[in-house]
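The values are calculated or read from the model by the stated rules, or taken from the named source; none is laboratory data. Keep in mind that what you see is a predicted model, and the values were worked out from it rather than measured. All Cβ positions, glycine included, derive from the backbone under ideal geometry; neighbour counts span all protein chains shown.
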Amino acid sequence: MNRLTIGTRKSQLALVQTHAMRDALLAAHPHLTIELEHITTKGDAILDRPLAAIGDKGLFVSEIEDAMRSGKVDLAVHSAKDLPSILAPDMTIAAYPERADPRDVLVGAEGRTLADLAHGAKVGTSSPRRAAQLRNLRPDLTIIDIRGNVDTRLRKLDEGQYEAIVLAAAGLQRLGLLDRVTQFFDPYEMTPAVSQGILGIEARASDQRVAELLKVLDHAESRATAEAEKAFLATIGGGCQVAVGAFATYRAGQLHLIGMIGALDGRLVRGELTGAASEAQTLGANLAQQLLDQGGRDLL
């Protein structure tokens, strides 16, 4: 059984991420033969509506999980922020590789930063989380939904449909497009999505062979940060349609977690908490409860 099949979405970013993990697996296990299976998810197929209007959980995941259940594929490489905060019981994240840059970035026309944008400028984002924080920073901006892969969004910007767009730094980094960035947002002003910049390698919970092969890719610090952030989101509830962000950093066995709950009108509550990395999920749940009690519940 030296063969693995990886399920992947067809976007350029998904393929770049999958190829990187395939190459890392082959470097660690040269005896393997690895094939890719391209799968179209609901989130890929429906491009004429905002993500929040399509549904809640697993928009970029469900079809790939079905392929794993049927035995068609053995594992999948996801952007961990696309994964539901609570996985189906028959699935597991067998590896969280080391995190890339977790920040959000602005890509502004003609090199503009957020401060450079004119009153009423059109800014594209498909994320309620980004929209809430943009309105908190610049209530005068016109926030417009934007769908499509990274290349499509950059093309729409270049065509003049928007004055700026907000994207994840990690995606641009993996695509070699960081030169398009005009501003990196500090996590205290634009708190990232839960697990942003982390890849999650999903497999069947019962598949010990695949779990053993993937151990080499797991990065303990990134796993701890992902678990804290996902526990934060799970405690609050909701998926693509809620304006929620969290970002944890690891240092000497401790996690420092920033969390944010927002409303689309720009109101938000933000807080932070530090605790043992070994209690990552408890830390995330505690910060979520703290923010819910401080007014976050009224913003959802």
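Within the range 114-145, restricting attention to residues that are polar (S, T, N, Q) and more than 15 Å from Tyr162 (Cβ to Cβ), the residue that is surrounded by the most Cβ atoms within 10 Å (Cβ to Cβ) is Gln133. Scanning the range 70-96 for residues that are over 18 Å from Gln196 (Cα atoms), part of a strand (DSSP E or B) and either under 15 Å from the mean Cα position of the chain (by Cα) or of a type outside the set (A, V, I, L, M, F, W, C) (or both) gives a single hit, Thr92.
Selection within the range 214-230: residues that are crowded, with 23+ Cβ neighbours inside 10 Å and in contact (Cβ under 8 Å) with a residue 60 or more places away in the chain. The member of this set that is farthest from Leu26 (Cα to Cα) is Lys230. Only one of the listed residues (Thr235, Thr225, Thr249) is in contact with a strand residue (DSSP E or B) (Cβ under 9 Å, 6 or more places away or on another chain), farther than 26 Å from Thr40 by Cα and either in a helix (DSSP H, G or I) or modelled with pLDDT under 95 (or both). That residue is Thr225.
Looking across Pro89, Pro50, Pro30, one residue alone is modelled with pLDDT under 90 and not polar (S, T, N, Q). It is Pro50. In the set Arg204, Arg267, Arg251, only one residue is of a type in the set (D, E, K, R) and within 30 Å of Lys72 (Cα to Cα); that residue is Arg204.
For (1) in contact (Cβ under 8 Å) with a residue 60 or more places away in the chain; (2) of a type in the set (Lys, Arg); (3) in a helix (DSSP H, G or I), each residue gets a yes or a no:
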site	(1), (2), (3)
Gln133	yes, no, yes
Ile143	no, no, no
Arg147	yes, yes, no
Lys156	no, yes, yes
Ala170	yes, no, yes
Gly176	no, no, no
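Restricting the range 1-27 to residues that are of a type in the set (D, E, K, R) and surrounded by 15 or more Cβ atoms within 10 Å (Cβ to Cβ), the residue that is modelled with the lowest pLDDT is Arg9. Condition (residue is surrounded by fewer than 23 Cβ atoms within 10 Å (Cβ to Cβ), more than 30 Å from Leu25 (Cα to Cα) and modelled with pLDDT of 95 or more) applied to the range 238-245: is it met by at least one residue? No, the range 238-245 contains no residue that is surrounded by fewer than 23 Cβ atoms within 10 Å (Cβ to Cβ), more than 30 Å from Leu25 (Cα to Cα) and modelled with pLDDT of 95 or more. One residue stands out among those in the range 92-118 that are of a type in the set (Asp, Glu) and touching a strand residue (DSSP E or B) at 6+ places or on another chain (Cβ under 7 Å): the one that is farthest from Ala20 (Cα to Cα), which is Asp116. Filter the range 198-222 down to residues that are touching a Pro at 6+ places or on another chain (Cβ under 8 Å) and in a loop (DSSP other than H, G, I, E, B) and give me whichever is nearest to Leu287 (Cα to Cα). Checking each candidate, the answer is Ile198. On the basis of being buried (at least 16 other Cβ atoms within 10 Å of the Cβ), without any contact (Cβ under 8 Å) to a residue 24 or more places away in the chain and touching a strand residue (DSSP E or B) at 6+ places or on another chain (Cβ under 6 Å), does Leu299 make the cut? Criteria not met by Leu299. Of everything in the range 61-75 that is in contact with a strand residue (DSSP E or B) (Cβ under 7 Å, 6 or more places away or on another chain) and surrounded by 14 or more Cβ atoms within 10 Å (Cβ to Cβ), the residue that is modelled with the lowest pLDDT is Val61. A single member of Gln173, Gln183 is polar (S, T, N, Q) and more than 28 Å from Met91 (Cβ to Cβ), and it is Gln183.
Is there a residue in the range 183-204 that is within 22 Å of Thr8 (Cα to Cα), surrounded by fewer than 17 Cβ atoms within 10 Å (Cβ to Cβ) and at pLDDT 95 or above? No, the range 183-204 has no match at all.
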